[in-house]
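Peer 1: Pasting a structure here, questions to come.
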Amino acid sequence: MNKPRRTKIALAVTAALIGIPVVMLVVLLTFDWNRAKPWLNARTSEMLDRPFAINGDLSLTWEKPTVVAGPSGQDEGWRSIIPWPYLVAQDIHIGNPSNMKALMPADMASIKQFAFSLNPLVLLEKQIAIPILHFESPVVSLLRGADGKNNWTFKKDDKPSLWQLKLQDIIITKGSIHLTDAIKHADVTADIDTLNADPVYGVTWRLHGKLNGETISGNGKAGAVLSLQHQIAPYPITVNLSMGQTAIAVAGTLTKPTDLAALTCA
């Protein structure tokens, strides 16, 4: 094989190696992700073992991450200029399991908008790194009947996952959780919202409804949602609660968030 021919082959191979990623990038940037909704809805419904649907718009854009820090806490150079995928889904609905379809409302949860960005650089390490999950106007209806069946227990996969989820923060904007429990005789609604500018507290909440035949109401603040995972840092909390003729007011910290006995009052 003569030299000019070898050169042409080498140039053709190089062009192909460069062209394939470029074509893939163009496809990702221009693809209408709404066309993928039927497949996503079907796969997610199968995984959750209950109806799931994205009824609104589904979009994917690429954005430069605000901060990409390495083990030293410093900017990782070239990694900081790699754009991250940013997904936004509108009007999401999660239904009740099949054994509770007769109960109302029909949805276990609805979300006006769900958005998150994803670090693509660690996917090869089987890590799903999400800096922020943002739920806008989520409405959750938790139900438990007198027979003990509930709608918050999901199908479990016996096989351990090969993927590791790393989630840094959750933002809930104007959320609502309604609990109807025939065993505890509860019909309670909690409204939750994220506090963006508060240096101590991450969320605020307001409660109202009935519990064991008594009227219950209250409000308070608490630390960031994901701070519950940390067992060392104190978790701040304030509670003002009234039930019937009883009133409770607490302000303090939980030194071990999963153990209420670790509450330290101010």
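Peer 1: Among the listed residues Leu143, Leu121, Leu167, identify the single one that is over 30 Å from Met100 (Cα atoms) and either among the β-branched types (Val, Ile, Thr) or over 18 Å from the mean Cα position of the chain (by Cα) (or both).
Peer 2: On the way: Leu143 fails: over 30 Å from Met100 (Cα atoms); Leu167 fails: either among the β-branched types (Val, Ile, Thr) or over 18 Å from the mean Cα position of the chain (by Cα) (or both).
Of Leu143, Leu121, Leu167, the one residue that is over 30 Å from Met100 (Cα atoms) and either among the β-branched types (Val, Ile, Thr) or over 18 Å from the mean Cα position of the chain (by Cα) (or both) is Leu121.
Peer 1: Out of all the residues in region 44-57, is one or more within 21 Å of the chain's Cα centre (by Cα), surrounded by 13 or more Cβ atoms within 10 Å (Cβ to Cβ) and at pLDDT below 85?
Peer 2: Looking for residues that are within 21 Å of the chain's Cα centre (by Cα), surrounded by 13 or more Cβ atoms within 10 Å (Cβ to Cβ) and at pLDDT below 85, one finds none in region 44-57, hence no.
Peer 1: How many residues are buried (at least 17 other Cβ atoms within 10 Å of the Cβ) and either of a type in the set (Gly, Ala, Ser) or farther than 21 Å from Ile192 by Cα (or both) when one looks only at region 131-143?
Peer 2: Qualifying residue count, region 131-143: 1.
Peer 1: If the requirement is being in a loop (DSSP other than H, G, I, E, B) and surrounded by fewer than 12 Cβ atoms within 10 Å (Cβ to Cβ), which of these qualifies: Thr215, Thr153? Don't jump to the end; show me each part of the working.
Peer 2: Values: Thr215 fails: in a loop (DSSP other than H, G, I, E, B).
The conditions single out Thr153.
The values are calculated or read from the model by the stated rules, or taken from the named source; none is laboratory data. Bear in mind that the values here come from a model prediction, so they are computed numbers and not experimental data. Virtual Cβ from ideal backbone geometry, glycine too; neighbours counted across all protein chains shown.
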